[in-house]
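The structure appears below as structure tokens.
The values are calculated or read from the model by the stated rules, or taken from the named source; none is laboratory data. Here the structure is a predicted model, which is why all the values come from computation and not from measurement. Because the Cβ atoms are built from the backbone with ideal geometry, glycine has one as well, and the counts that use them run over all protein chains shown.
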Protein chains: 2
Amino acid sequence: VTSQSIAPGALMAAEVAEQPAVLAQILAASDEFTAAAERIAAAKSRFVLIAARGTSDHAGLYAKYLAEVLLQLPAGLVSPSSLTIYGARPEMHDVLFITVSQSGRSPDLVDSLSAARSRGALTVAVTNAIDSPLAAAAEIAVDVRAGTERAVAATKSYTAQLLSLYLLIAGVRAAGAAARLPEAAARTLALTPDDRLAAVAAPLQYAERLVVTARGYAYATAREAALKLMETSYLSAMAFSGADLLHGPLAMIDRSVPVIAVTSPGRGGDAMAPVLERLHELGAHVLQVGPPDGLPIASEGIPEELLPVLEILPLQRLAWRLALDRGVDPDRPRGLSKVTQTL
Amino acid sequence: VTSQSIAPGALMAAEVAEQPAVLAQILAASDEFTAAAERIAAAKSRFVLIAARGTSDHAGLYAKYLAEVLLQLPAGLVSPSSLTIYGARPEMHDVLFITVSQSGRSPDLVDSLSAARSRGALTVAVTNAIDSPLAAAAEIAVDVRAGTERAVAATKSYTAQLLSLYLLIAGVRAAGAAARLPEAAARTLALTPDDRLAAVAAPLQYAERLVVTARGYAYATAREAALKLMETSYLSAMAFSGADLLHGPLAMIDRSVPVIAVTSPGRGGDAMAPVLERLHELGAHVLQVGPPDGLPIASEGIPEELLPVLEILPLQRLAWRLALDRGVDPDRPRGLSKVTQTL
């Protein structure tokens, strides 16, 4: 079956729907993740660096919060260009260097990881291609087990990366908390059925620009949702942390710029209260993800740090629906290919 | 004189024009910067963390590249929320923790810096308000000497932050390289006179969205230019590193989305060649900053790591011009105030 012969968006829809099963598969392999987590913990790294591009960069952003909050370690997202373009070779003893990549084939990530390893970092590749150059270059390679992803817009590989990173970083305490995720993901997908999705998508049909905002762990969700909307619906979707939104970009928001605010339960969602207040003052069209009236998330019993796995699900569905409504095939975004060769 | 009684954009125009003098003032105080740089160097930190919001966050991004390339240290931008919302208290021995803030009054930055200091970091405040709570909380406080900034959209405080960060991080080697900057800034401003500026702004008059892209040091310029355009002209301006642009957002670009590409001389500009090629294939309207035909920068004799101080100048002027063309007062963006109180 080639992608020519099937309906527009069929690949993306199938891969979105597959996510509960992918999450269950990862948990079934939790021994492997625990073993990797133990090697990582044993290294007693003092600093965490994360390198990734595109969707994987949003999984990296999530991992940064996990490292800071759960491991209590300073963490940063690497600018690969400082290692590749400028040839920087920082001393990386005591550094845990995590790369995240669906394909494991971006040359700049392979080069960055190799540079980090040569300078003493413990290197980890979190990838959907365990036979890739990136996995080969890393000391610890972790297969996120999402299976072949055929739609250009990454969906199941993203949530698989999130859960894999959680298992690697949260370590032993992780297994119990994550056990309910597959079922919660299935319920979350069911909580926004097609008719509700169509009603939510309708006012956005002719939108040209849109803002997505969140704080804390959910900031990764905002970034990833914006990318999905750009890739599939060609909307100019801009993501801002709720705090940064108030520093400047707010000026650009009026009734013509709809806003998606991710406010699922937890400290990140709580911290969005003043941002929502300002948006309402401006009369902005705000679509919430989370309680009380937003797109629902089956969040009961799931700790805040795992909610990004659920929050993105209705937003992936929204990107897919909106692309179809706008006459675009979300499986085949113009101008993109699945592996991007940047140096 | 109140801002009511003067012409729209007069404050921003005056502050943009003041920048060569501000840069000269900083260099005249280079002894103070050298002394601070020596204290920083003596600490032999192993990791650099930078915390900032808004325009200052773009100066922080620039500092991240400086730390990685010039100091050869791993560096990251802090998510203040992990320290404030989630109460993380990472161990920060051997960490150089730099905050950048025009006002020195954002509570989340003061709290983040205090948390870092209590956990062993060497803390530095780079601020335009040396009597601020942020400066008081830091072990090393550096006055960027931009003078009172009255326009809400930061201009002179940004370039003052860039040069201050350069002097702090590049240390002794810095003075010579930076000596020519004030004159180069004056020449750069003169190289885009009003008539040229009007011609460049004209095709953007009714644009709703716009992309700004660059790589390496110039990526900070792209981010800051996008923010200026959002704040003053209410354009949906999205910034992407050239590498990330090829991972997804490219799908959204067509002839209706103009692109500003910062390609001043150096490795970052060179690495933009494949990005420009793809943009040209897509038929995008591309406005370059840098040679051969873009908005000119007086870059002769200035090392690449200092070019961000110059690159932003014609883009600040463009944001100002465009705001006026679109009937907006760039001195008084709607919905914004000079100090943002996020927690």
Report yes if some residue within the stretch B:24-42 is of a type in the set (S, T, N, Q), touching a helix residue (DSSP H, G or I) at 6+ places or on another chain (Cβ under 6 Å), in a helix (DSSP H, G or I) and under 18 Å from B:Glu149 (Cβ atoms); otherwise report no.
-> no
(1) buried (at least 24 other Cβ atoms within 10 Å of the Cβ); (2) at pLDDT 95 or above; (3) in contact with a strand residue (DSSP E or B) (Cβ under 7 Å, 6 or more places away or on another chain) all hold for B:Ala36 apart from (1)
Check A:Ala88, A:Ala13 and return the single one that is more than 20 Å from B:Tyr65 (Cα to Cα) and either aliphatic (A, V, I, L, M) or in contact with a Ser or Thr (Cβ under 7 Å, 6 or more places away or on another chain) (or both).
-> A:Ala13
Residue in the stretch A:210-218 that is in contact with a Ser or Thr (Cβ under 8 Å, 6 or more places away or on another chain), more than 12 Å from every other protein chain (Cβ to nearest Cβ) and surrounded by fewer than 24 Cβ atoms within 10 Å (Cβ to Cβ) present = no
What is the residue count in the stretch B:134-168 for residues that are of a type outside the set (D, E, K, R), at pLDDT below 95 and touching a Leu at 6+ places or on another chain (Cβ under 8 Å)?
-> 2
Hey, B:Val328 facing another protein chain (nearest Cβ under 10 Å), closer than 28 Å to B:Arg150 by Cα and of a type in the set (A, V, I, L, M, F, W, C) or not = yes
Count of the stretch B:172-199 residues which are farther than 16 Å from B:Pro20 by Cβ and either in contact with a strand residue (DSSP E or B) (Cβ under 7 Å, 6 or more places away or on another chain) or crowded, with 21+ Cβ neighbours inside 10 Å (or both) | 1
Which one is nearest to A:Arg321 (Cα to Cα), of the residues in the stretch A:207-256 that are of a type in the set (D, E, K, R), at pLDDT below 90 and part of a loop (DSSP other than H, G, I, E, B)?
-> A:Glu208
When residues of the stretch B:276-304 are filtered for being among the small types (Gly, Ala, Ser) and surrounded by fewer than 15 Cβ atoms within 10 Å (Cβ to Cβ), how many remain?
-> 2
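Table: residues versus (1) touching a residue at least 12 places away in the same chain (Cβ under 8 Å); (2) within 14 Å of chain A (Cβ to nearest Cβ); (3) in contact with a Lys or Arg (Cβ under 6 Å, 6 or more places away or on another chain); (4) among the hydrophobic types (A, V, I, L, M, F, W, C).
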| site | (1), (2), (3), (4) |
| --- | --- |
| B:Leu279 | yes, yes, no, yes |
| B:Gly283 | yes, yes, yes, no |
| B:Leu287 | yes, no, no, yes |
| B:Gly294 | yes, no, no, no |
| B:Gly301 | yes, no, yes, no |
| B:Glu304 | yes, yes, no, no |
| B:Leu310 | yes, no, no, yes |
| B:Ala319 | yes, yes, yes, yes |
| B:Ala323 | yes, yes, no, yes |
Residue among A:Met238, A:Met252 that alone is facing another protein chain (nearest Cβ under 7 Å) and either in contact with a Phe, Trp or Tyr (Cβ under 8 Å, 6 or more places away or on another chain) or hydroxyl-bearing (Ser, Thr, Tyr) (or both) | A:Met252
Can you find even one residue in the stretch A:320-327 that is in a loop (DSSP other than H, G, I, E, B) and more than 22 Å from A:Ala186 (Cα to Cα)?
-> yes
Out of all the residues in the stretch A:225-235, which are facing another protein chain (nearest Cβ under 7 Å) and free of Cβ contacts under 8 Å to residues at least 24 places away in the same chain?
-> A:Met230
Residue count, the stretch B:260-275 (criterion: crowded, with 21+ Cβ neighbours inside 10 Å and either free of Cβ contacts under 8 Å to residues at least 12 places away in the same chain or not in a loop (DSSP other than H, G, I, E, B) (or both)) = 6
List the number of the failed condition for B:Ala222; all other conditions in (1) closer than 18 Å to A:Ser82 by Cβ; (2) within 12 Å of another protein chain (Cβ to nearest Cβ) hold.
-> (2)
Answer with yes or no whether A:Ala198 is over 27 Å from A:Leu165 (Cβ atoms), more than 7 Å from chain B (Cβ to nearest Cβ) and part of a helix (DSSP H, G or I).
-> yes
Residues (in a helix (DSSP H, G or I) and either in contact with a Pro (Cβ under 8 Å, 6 or more places away or on another chain) or of a type in the set (A, V, I, L, M) (or both)) located in the stretch A:43-64 = A:Ala59, A:Leu61, A:Tyr62, A:Ala63
Please find, within the stretch A:71-112, the residue that is nearest to the other protein chains (Cβ to nearest Cβ) out of those that are within 15 Å of B:Asp244 (Cβ to Cβ) and part of a loop (DSSP other than H, G, I, E, B).
-> A:Ile85
